[in-house]
Amino acid sequence: MKPTFRSRQVGFSFVELMVSLALGMMVVGAAVKLFSQGVDATWVISQRAEMQQDLRAAQNLLLKDVSLAGAGLTGVPGESVALPSANGSPIYGCDQTGTAAGCLPNGPVNYPCIPAAACSPTLYPIMSGYQLGIVPPGATIPGGAGTDLISVVYSDTTLALDCYTATFNNPGNVITFTAPALPLPPSCVLPPGIVYPQSVNDTVVGLTPGDILLVSTPLGFAVAEVTNVAGPNGAPAPGNAYNVTFADADALNLNQNGKPNDLTQISGFVAGAGASVVGSTADRILVITYFLQTIPDPSGLTSGTTILYRQVSGHTAVPVADNVVNLQFTYDTYDSSGTLLSQLGDPTSGSTVAPNVIRKINIAHLTIHSQLGGARSSLMATQGFQAYDVQTSMSARNLSYNNRYSFH
């Protein structure tokens, strides 16, 4: 009798299969979760690093400009220059196009007039633009008003314009700059690495329309906007002459020929001298304004990007940092004896305090947020955009030292 063999199949039961599948899914799920958190953490950290870098760069540039406020204006009485206003108030915060698109978000700004009842618009080393800026989309500004602007003025030393002899042409709105003879006079101080003054129309550092000059003659000081530069091309040489024009109808309305406080008033012609005065000098000054502006999103999916801009004189503003959503300042003003007068965002509000007594500038808020929101992150970014806010104080070294600590 032959034995019979029964086939036997060995495997997992349904229960065992389900248990193993569940355990496997738990292990894979944990690994995916760890990987997802790692990716999210990397994204959050990269956003934070980008914000820090952008904020540091913006802050450094702002601090440099503010610390130089007033440099080159120490020979001007009160570090301020009265501006012409017979043909309307001069403005800043516009480029040389003079169009609405070339101005600040809320339009151009008039130079301050302190006291407002009886004065001429005046250029000061520091000019506050309290609540004259925009309200960024989605932002809540303390007080419910707009962000601030800040404008500073200082001399530009990259062009050795004061080495040239300045001669007015009748009626006084054209100045001929003549290159000096060799050897250079001791009063001609050149930038490092330069052995002879650059051409007035140099393609890199020369004068261009939109530049602002501070001109000094024995008859006083005046500020004017360059509208045209003509002269020889090529390397600068002794005797080379350049004609710089300051025509009416300039974009900033600084040129008002024949009117009080205009450049023509210190030329010698309008004053009755009948000829150009001797001993005229000129320096290019930088009127630098920081402000926020929102660039709309072309797709319409978001409200746009708010950018911190830096504008120099009558030239087109350039972006400094993206996603800066708040800019606010306060100012400490002091009298000649060192007594604190005010600590306000608008230091001249309701008083006769002029901006030339500002000694300390406080950044109340310089706020930047991340480029993207946190909807994709399972970490802290789910609460919305990440943001950094900086507060710091700085002194305009030229104003503080020369006005409070210099010896006479």
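No lab work stands behind these numbers, since they all come straight from the coordinates. Predicted model only: the values in this text are computed from it and were never measured. FYI the Cβ positions are ideal-geometry reconstructions off the backbone, even for glycines, and counts take in every protein chain you see.
For segment 243-290 versus segment 69-102, the inter-centroid distance based on Cα atoms is 12 Å. Averaging Cα coordinates gives a centre for segment 304-334 and one for segment 150-214; these two points are 28 Å apart.
Derived scalar couplings between HN and Hα for segment 279-294 equal x, 8, 9, 9, 9, 7, 10, 10, 9, 9, 10, 9, 7, 9, 8, 9 Hz in order, rounded to whole Hz, by the Karplus curve 6.51 cos²θ - 1.76 cosθ + 1.60 (θ = phi - 60°), x for Gly and Pro. Positive contributions from Lys and Arg (+1) and negative ones from Asp and Glu (-1), summed over other residues with Cβ under 10 Å from the Cβ of residue 224, come out at -4.
Measuring r between the beta carbons of residue 106 and residue 74 and using R0 = 41 Å, the FRET efficiency lands at 0.80. Think of segment 49-405 as having a plus end and a minus end, set by charges on the Cβ of Lys, Arg, Asp and Glu; of 110, 62, 200, 62 sits farthest toward the positive end of this dipole. Remark: segment 325-338, residue by residue, has Karplus-estimated 3J(HN,Hα) of 10, 7, 8, 9, 9, 10, 9, 9, 10, 9, 7, 5, 8, x Hz, where x stands for each Gly or Pro and the curve is 6.51 cos²θ - 1.76 cosθ + 1.60 at θ = phi - 60°.
When only C-alpha pairs under 8 Å and at least 6 residues apart count, what is the relative contact order of segment 178-230, in percent?
Values: 46 pairs, mean separation 13.4, N = 53.
About 25 percent, as a whole number.
Each Cα pair under 8 Å and six or more residues apart adds its sequence gap; the mean of these over the residue count of the chain is a relative contact order of 19 percent. Amide H to amide H, with H built 1.01 Å from N, residue 224 comes under 5 Å of 213, 215, counting only residues 5 or more places away or on other chains. For the pair residue 13 and residue 184, the difference between a 0.36 nm per residue extended length and the Cα-Cα distance amounts to 51.4 nm. Taking the longest Cα principal axis of the chain as reference, the axis of helix 14-67 is set at about 10 degrees.
Note on the chain: with charges restricted to the Cβ of Lys and Arg (+1) and Asp and Glu (-1), its dipole about the Cα centre is near 1640 debye.
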